[in-house]
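Below is one structure, written out as structure tokens; the observations come after it.
The numbers here are math on the coordinates, done by the rules we state, and not lab data. This one's a predicted model, so the numbers in the text were calculated from it and none came from an experiment. Neighbour counts run over all protein chains shown; Cβ positions are idealised from the backbone, glycine included.
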Protein chains: 2
Amino acid sequence: MSAVSERALIAAVTERLGRPPGGRLLRGPGDDAAVVRPGGVEVVSVDMVAEGVHFERTTHSARDVGHKALGSALSDVAAMGARPGEAYVGLALPPGTPEAWALELVDGIEALARRSGVAVAGGDVVSASALVISVTVTGWAEAAEHLVSRSGARAGHLVGVTGRLGGAAAGLLLLEGASVGLDEGVREGLLTRHRRPEPRLAAGRALAEAGAAAMIDVSDGVATDAGHLSRESGVALVLELASLPRAAGVDVVAEVVGRDPSRLAATGGEDYELLFTGPAELRDAFEDAGARTGAPVTWLGRVERGRGVRLLDGGGRAVELTGYEHG
Amino acid sequence: MSAVSERALIAAVTERLGRPPGGRLLRGPGDDAAVVRPGGVEVVSVDMVAEGVHFERTTHSARDVGHKALGSALSDVAAMGARPGEAYVGLALPPGTPEAWALELVDGIEALARRSGVAVAGGDVVSASALVISVTVTGWAEAAEHLVSRSGARAGHLVGVTGRLGGAAAGLLLLEGASVGLDEGVREGLLTRHRRPEPRLAAGRALAEAGAAAMIDVSDGVATDAGHLSRESGVALVLELASLPRAAGVDVVAEVVGRDPSRLAATGGEDYELLFTGPAELRDAFEDAGARTGAPVTWLGRVERGRGVRLLDGGGRAVELTGYEHG
């Protein structure tokens with residue numbers, strides 16, 4: 001396989017992405033900048049992933065890496081309750097990176113983009129001594145009031161989360177060599193949670209429409225991300241540790257590595273589920289929004305006056321987690 | 001100096017940038033994504049710079065690196081003739097990067113942003129084995145017709161360039177150790193051209209308003225960038241090599257390293273001047289636009305039917321440049 005030439009790669013990427021601009025995208029790759037016709041309000045977020053930190057070429061395929069880079073960025077758009085818009089991809093590639101590998105990475109980005117209704121509208125390719133992918137994504141909403149920030153949690157709200165937690169952390173433990181007897185399907189499910197996180201775009205919009213008041217994506221673990229919501233909203237979040245919905249296989253992996261399953265689910269990052277709060281009277285609407293979009297809602301607790309996050313065990317006693325600020 | 005913690009750095013950066021959102025920026029750093037109220041059309045461009053490729057910590061201060069990362073990105077906005085908008089900054093930092101160094105880099109970004117009317121509205125900080133900065137910038141225009149693409153050059157147009165060329169390449173030669181007796185001011189001027197490229201934002205807008213038909217920023221050298229214009233417009237560009245305006249000191253540096261000054265000016269990258277074409281009857285308007293914005297226009301040649309770039313020497317003979325596709 002030939003090593004990558006920046007110019008050739010840009011040409012190959014542009015051809016691969018290749019859809020003619022249309023709708024909001026007036027001009028795509030090929031000029032000094034992409035040109036976009038905006039409508040309503042725009043959200044913008046940047047996410048970087050780096051080899052040796054967020055992925056390894058020994059355990060992640062190029063497609064995994066591309067998927068993960070775009071998926072983690074789109075998760076922020078999901079957490080705003082916005083419609084996904086455009087993506088701009090910066091690739092820093094070490095000299096000698098096989099061109100086929102780089103193109104497969106782009107294929108991984110493009111496959112998720114296409115499925116998510118995202119146009120890859122521009123980017124940059126440079127040489128560097130480490131493999132780093134930077135993805136800037138935009139999202140759109142009719143008006144700022146339709147977006148869900150981190151600061152809208154109020155005392156009395158319910159706290160819910162979509163899907164199941166701990167899967168990405170358990171998948172990483174498997175990649176790191178944890179020797180666990182698991183059904184092959186369960187094992188693959190955990191690895192996929194880690195390698196190809198699925199941004200909860202449909203659920204984010206549905207929850208926003210249902211009236212979610214505050215929302216954040218679970219990238220650093222529920223405990224840490226609840227802390228962000230608490231701080232930005234100026235409230236306390238009280239969560240029942242035993243209520244955390246755990247992905248299939250998490251309990252078995254946790255047992256093998258000698259960790260408590262609930263704590264693994266509370267502190268494991270990169271699940272990219274959505275943590276949200278909203279008025280109790282909208283409970284049914286939230287549950288319906290999650291169910292309709294393949295992201296069933298589990299209720300974790302409530303918002304109270306005060307500060308910080310309180311985790312309770314089954315008996316209502318406070319649980320101390322250590323070292324969970326690892327985001 | 002303490003090594004950088006991602007979370008602490010994000011907090012410090014946010015505080016440092018610190019201006020409350022206003023105008024188009026509805027929400028800045030601190031949520032899942034920035035929120036922007038668009039008007040007209042948006043241009044978006046991504047630029048990455050990497051240690052060891054675009055800068056060295058031995059020859060570039062942290063402020064230089066920050067300036068360069070944002071400056072090269074904004075140059076694309078200038079080349080579209082757009083008003084600068086927001087910037088989103090991704091920092092990939094090796095473990096052990098001194099926090100003070102990272103904050104000075106942010107100061108370098110912020111100083112140029114402030115001076116350019118740009119709001120740094122979001123970003124990401126991650127750990128990586130190489131220092132890579134990714135900057136996504138937006139720009140705004142009332143309508144797409146006000147923007148200047150690379151594809152508008154037509155036979156009969158004049159070809160002009162702003163400012164002076166070869167300065168960044170000569171500055172790099174000085175950094176690489178070329179031993180040249182130069183007036184200190186001239187020397188500093190060349191080093192600054194390389195370390196702190198100045199995006200031609202005002203000139204880009206003025207030239208767009210004056211009726212520029214095609215425009216590109218000179219990041220890869222005039223010869224290469226003229227090739228981009230030629231290809232995107234489907235025309236030939238005929239340029240007189242001797243007409244290239246050379247920065248003060250370029251001739252002396254070129255002589256010392258045994259290179260032809262005109263060729264150095266034609267192939268040297270990173271000057272971030274603007275190369276443009278437009279109808280001959282607007283000649284005075286273009287010259288006025290450049291003069292008003294501190295970016296005097298020099299006429300380099302004309303657009304003809306055909307393909308490619310033809311460089312002519314003083315006697316009208318074709319000049320072959322080798323190895324200039326180094327962008």
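Restricting to DSSP H runs of at least four residues, report the calculated mean residue ellipticity at 222 nm for chain A, -39500 (n - 2.57) per run over all residues, nearest 500 deg cm²/dmol.
Working: 10 runs with 116 residues, N = 327.
About -11000 deg cm²/dmol.
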Checklist entry - Between B:A289, B:A155, B:A170, which gets the highest mean-square fluctuation from a Gaussian network model of chain B, Cα cutoff 10 Å? => result B:A155
Checklist entry - Between the stretch B:78-101 and the stretch A:59-92, how many Å separate their Cα centres? => result 19 Å
Checklist entry - How far is B:A11 from itself in the other copies, in nm, if each label sits 7 Å out from Cα along the Cα-Cβ line, shortest first? => result 5.0
Checklist entry - Where the Cα atoms of the stretch B:134-200 are projected onto their three principal axes, how long is each span, largest first, in whole Å? => result 48, 35, 18
Next on the checklist: Let me spell out the model: positive unit charges on the Cβ of Lys and Arg, negative unit charges on the Cβ of Asp and Glu, origin at the Cα centre of the stretch A:6-146. What dipole size does that give, in debye rounded to 20?
Outcome noted: 340 debye
Checklist outcome for this item: Between A:L26 and residues 5 or more places away or on another chain, the pairs with built amide H atoms under 5 Å apart involve A:V35, A:V36, A:R37
Item to check | Hydrodynamic radius (Kirkwood) for the stretch B:158-319, which is based on Cα pairs only, to one decimal in Å | outcome: 15.8 Å
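Translational diffusion coefficient of the stretch B:51-133 at 20 °C, 1.002 mPa s, Stokes-Einstein with Kirkwood Rh over Cα pairs, in µm²/s as a whole number.
It diffuses with D of about 163 µm²/s by this estimate.
For a test of the definition: using alpha carbon positions, the gyration tensor, and the 1.5 limit on a/c, classify the protein assembly as shown as rounded, prolate or oblate. Can you show the working numbers first?
On the way: a/c = 2.17, a/b = 1.94, b/c = 1.12.
Prolate is the answer for the protein assembly as shown, as a/c is 1.5 or above and a/b outweighs b/c.
Note down the magnitude of the dipole of chain A about its Cα centre, charges +1 on Lys and Arg C-beta and -1 on Asp and Glu C-beta and zero elsewhere, to the nearest 20 debye.
Values: 32 positive and 43 negative charges, 93 e Å.
Dipole size: approximately 440 debye.
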Checklist entry - Taking a label point 7 Å from Cα toward Cβ, how far is A:R292 from its twins in the other copies, in nm, shortest first? => result 5.3
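Two-decimal Rg/Rh of the stretch B:183-235 from alpha-carbon positions, Kirkwood Rh? Display every interim value, and only then the final one.
Working: Rg = 14.5 Å, Rh = 13.2 Å.
Ratio of gyration radius to Kirkwood radius for the stretch B:183-235: 1.10.
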Checklist entry - With point charges of +1 on the Cβ of Lys and Arg and -1 on the Cβ of Asp and Glu, referenced to the Cα centre of the protein assembly as shown, which listed residue (B:A247, A:G52, A:S75) lies farthest in the positive direction of the dipole? => result A:S75
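Mean separation of Cα pairs under 8 Å and 6+ residues apart, divided by the residue count of chain A: what relative contact order is that in percent? Before the final figure, lay out the partial values.
On the way: 766 pairs, mean separation 71.9, N = 327.
22 percent.
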Item to check | Inter-copy separations for B:S179, label at 7 Å along Cα-Cβ, nm, ascending | outcome: 6.4
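Placing +1 at every Lys and Arg Cβ and -1 at every Asp and Glu Cβ, with all other atoms neutral, what dipole size does the stretch A:158-319 have around its Cα centre, in debye to the nearest 20?
On the way: 18 positive and 23 negative charges, 67 e Å.
Dipole size: approximately 320 debye.
Checking the a/c ratio against 1.5 first, then a/b against b/c, what shape does the Cα gyration tensor give for the stretch B:225-325?
In terms of gyration-tensor shape, oblate.
Ignore the peptide's own chain and count Cβ atoms of other chains within 10 Å of each Cβ in A:45-58; give me the average, rounded. Walk me through the intermediate numbers first.
Details: counts 8, 15, 4, 11, 4, 9, 3, 4, 6, 3, 0, 0, 0, 0.
The mean count of partner-chain Cβ atoms within 10 Å per residue comes to 5.
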Next on the checklist: Quick check: Cα centre of the stretch A:144-173 to Cα centre of the stretch A:190-269, how many Å?
Outcome noted: 6 Å
Checklist outcome for this item: Once both label points are put 7 Å beyond Cα along the C-beta direction, the B:A8-B:A291 separation in nm becomes 5.5 nm
Next on the checklist: List the residue ranges in chain B for DSSP H helices whose C-alpha atoms run 20 angstrom or more along the long axis and whose Kyte-Doolittle average is 1.0 or above.
Outcome noted: none
Checklist entry - What residue among A:H194, B:V235, A:G152 has its Cα farthest toward the positive end of the dipole of the protein assembly as shown, where the charges are +1 on Lys, Arg and -1 on Asp, Glu, each on the Cβ? => result A:G152
Next on the checklist: Using each residue's phi in the stretch B:93-98, evaluate 6.51 cos²θ - 1.76 cosθ + 1.60 at θ = phi - 60° and report the 3J(HN,Hα) Karplus result to the nearest Hz, with x for Gly and Pro.
Outcome noted: 10, x, x, x, 4, x
Next on the checklist: Run the numbers for B:R307 and B:D107: contour at 0.36 nm per residue of separation, minus the present Cα-Cα distance, in nm.
Outcome noted: 67.6 nm
Next on the checklist: Of the candidates A:G268, A:G294, A:G108, which one comes out as most mobile in a Gaussian network treatment of chain A with C-alpha springs shorter than 10 Å?
Outcome noted: A:G294
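If one computes P(r) from the Cα atoms of chain A, what percent of pairs lie at distances over 30 Å?
Roughly 36 percent, once rounded to a whole number.
Quote the FRET efficiency, to the nearest 0.05, computed for A:A242 versus A:A202 with a Förster distance R0 of 35 Å and r equal to the Cβ-Cβ distance. Present the calculation step by step, with values, prior to reporting the outcome.
On the way: r = 28 Å, r/R0 = 0.81.
E(calc), rounded to 0.05, equals 0.80.
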Next on the checklist: Run the Debye formula on the Cα coordinates of the stretch B:6-146, all scatterers equal and no solvent, and tell me log10 I(q)/I(0) at q = 0.10 1/Å.
Outcome noted: -0.31
